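Asks: Structure incoming, see below.
Derivation of every value follows stated rules applied to the coordinates shown; laboratory data play no part. Keep in mind the model is a prediction, meaning the values are calculated, not measured. Here the Cβ positions follow ideal geometry from the backbone for every residue, glycine too, while neighbour counts run over all protein chains shown.
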Amino acid sequence: MISYKKNMKPRMIIVDEHDNVIGHKYREDEKPDDIYRVSALWITNSKGDILLAKRHRNKKHDPGKWGPAVAGTVDEGETYEQNIIKEAEEELGLKNIKPTLGPKTAPYGQYKYFTQWFTLKIDKPASELIFQEDEVEEIKWFTKKELLESLQKHPEKFLPKMPRYIGLFLS
């Protein structure tokens, strides 16, 4: 049974260094050494453009920075895939998607989490996507060239791990 605090927030899955579940915690109870699970969706279109989202300025981690269009912490009782399907609907209004399993990245850096990546190809203008305004400030299609140039000229506008993500998907 999944237990919830009065605010009805779900607990995140805590894992060991091999991504084995060892417990569950509420976000506010997270400790610096805790390792958790994240799912992320790398979205492209048939032209090879990449859809990115600018994180809301009120986010705790990396506010106002460009990153993957969809990402979320995996909650108790969810698989990586269930989480990314839920997040894609909540964050971009995408329904009935069938994402393709991508690579899994291991924890490193300030925040420790495994990221299970998925990929998806859609051909919708950004203006037709309905994004969750408390999570995302803006969404935009970037050409590969535009993304690489922007990242080189203004790395401070992107998530610190963005060069790694580009290495996974654009090499």
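Asks: Answer with a single label: of (1) -0.81; (2) -1.26; (3) -0.99, which was calculated as log10 I(q)/I(0) by the Debye sum over Cα atoms at q = 0.16 Å⁻¹ from the structure in view?
Replies: (3)
Asks: Ignoring trypsin sites (Lys or Arg not before Pro) that are buried or in helix or strand per DSSP, and keeping those with at most 11 other beta carbon atoms within 10 Å, what is the longest stretch of the chain between them? Could you put the intermediate results ahead of the total?
Replies: Values: sites that count: Lys5, Lys6, Lys47, Arg57, Lys60, Lys95.
In short, 96-171.
Asks: Using amide H atoms built 1.01 Å from N in the peptide plane, name the residues 5+ places from Val136, or on other chains, whose amide H lies under 5 Å from its own.
Replies: His56
Asks: Between the range 64-83 and the range 89-162, what is the C-alpha centre distance in whole Å?
Replies: If you average the Cα positions of each part, the centres end up 10 Å apart.
Asks: For the pair Thr100 and Glu17, what calculated FRET efficiency results from E = 1/(1 + (r/R0)^6), where r is the Cβ-Cβ distance and R0 = 25 Å, to the nearest 0.05? Provide the component values of the computation, followed by the final result.
Replies: Details: r = 27 Å, r/R0 = 1.06.
Taking R0 as 25 Å, the efficiency between Glu17 and Thr100 is 0.40.
Asks: Now for a different question. Mind checking the dipole of the range 12-169: about its Cα centre, +1 per Lys or Arg Cβ, -1 per Asp or Glu Cβ, Debye to the nearest 20? Could you put the intermediate results ahead of the total?
Replies: Working: 25 positive and 28 negative charges, 152 e Å.
Charge dipole, the range 12-169, about its Cα centre: 720 debye, nearest 20.
Asks: What is the list of residues in the range 91-132 whose amide nitrogen lies under 15 Å from a point 7 angstrom out from the Cα of Ser46, following Cα to Cβ?
Replies: So the set is 121-125.
Asks: Run the quick spin-label model on Gln132 and Lys153: label points 7 Å from Cα toward the beta carbon, then report their separation in nm to one decimal.
Replies: Reported label-point gap for Gln132 and Lys153 is 3.2 nm.
Asks: Which of Ala126, Gln116, Ile97 sits farthest toward the positive end of the charge dipole of the range 12-169, with +1 on the Cβ of Lys and Arg and -1 on the Cβ of Asp and Glu?
Replies: Ala126
Asks: Ok, one more. Would you work out which of Ala69, Ile139, Gln152 lies farthest towards the positive end of the dipole of the chain? Charges go on Cβ: Lys and Arg +1, Asp and Glu -1.
Replies: Result: Gln152, furthest along the dipole toward the positive end.
Asks: Using DSSP loop states and a limit of at most 11 other Cβ atoms within 10 Å to flag GluC sites (Glu not before Pro), what is the longest stretch of the chain containing no flagged site? Can you show the working numbers first?
Replies: Values: sites that count: Glu17, Glu133.
Answer from the scan: 18-132.
Asks: Full-extension gain between Arg27 and Lys86, please, as 0.36 nm times their residue separation minus the C-alpha to C-alpha distance.
Replies: 19.4 nm
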